[in-house]
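Asks: Can you read through this structure? Questions will come right after.
The values are calculated or read from the model by the stated rules, or taken from the named source; none is laboratory data. Small disclaimer: the values here were computed from a predicted structure and weren't measured. So basically every Cβ, Gly included, is an ideal-geometry build from the backbone, and we count neighbours across all protein chains shown. Quick note on the areas: whole protein, heavy atoms, side chains included, nothing else; ligands and nucleic acids left out. Shrake-Rupley method; radii C 1.70, N 1.55, O 1.52, S 1.80 Å.
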Amino acid sequence: MQNDTMKIEFKQSTVENLELFSQMLDKDINTILEEALEQYFDAAQKRLMEKNINDENAMTNLDYDEFWDGVDID
């Protein structure tokens, strides 16, 4: 059976900000954390996708003509 318990620790300033914004926005702290993590995951996924594209582009520095130079297609 999988243990679904996770221990998460925050700096005191983070806890204070969570409490403050929870009151100011009238939102549950869990909702704030979920929204923040969703934004983080979206941004991280975009960065990874851009890195993959850049890595693929870095595999060749040849332009189209140089890449196909000498290839004979009949």
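Asks: Which one of the conditions (1) open to solvent by 100 Å² or more (accessible area, probe 1.4 Å); (2) at pLDDT below 90 does ASN54 fail to meet, given that it meets all the rest?
Replies: Unmet condition: (1).
Asks: Another question about this same structure. Quick one: count up the residues across the range 14-60 that are among the hydrophobic types (A, V, I, L, M, F, W, C) and either part of a loop (DSSP other than H, G, I, E, B) or in contact (Cβ under 8 Å) with a residue 60 or more places away in the chain (or both).
Replies: 1
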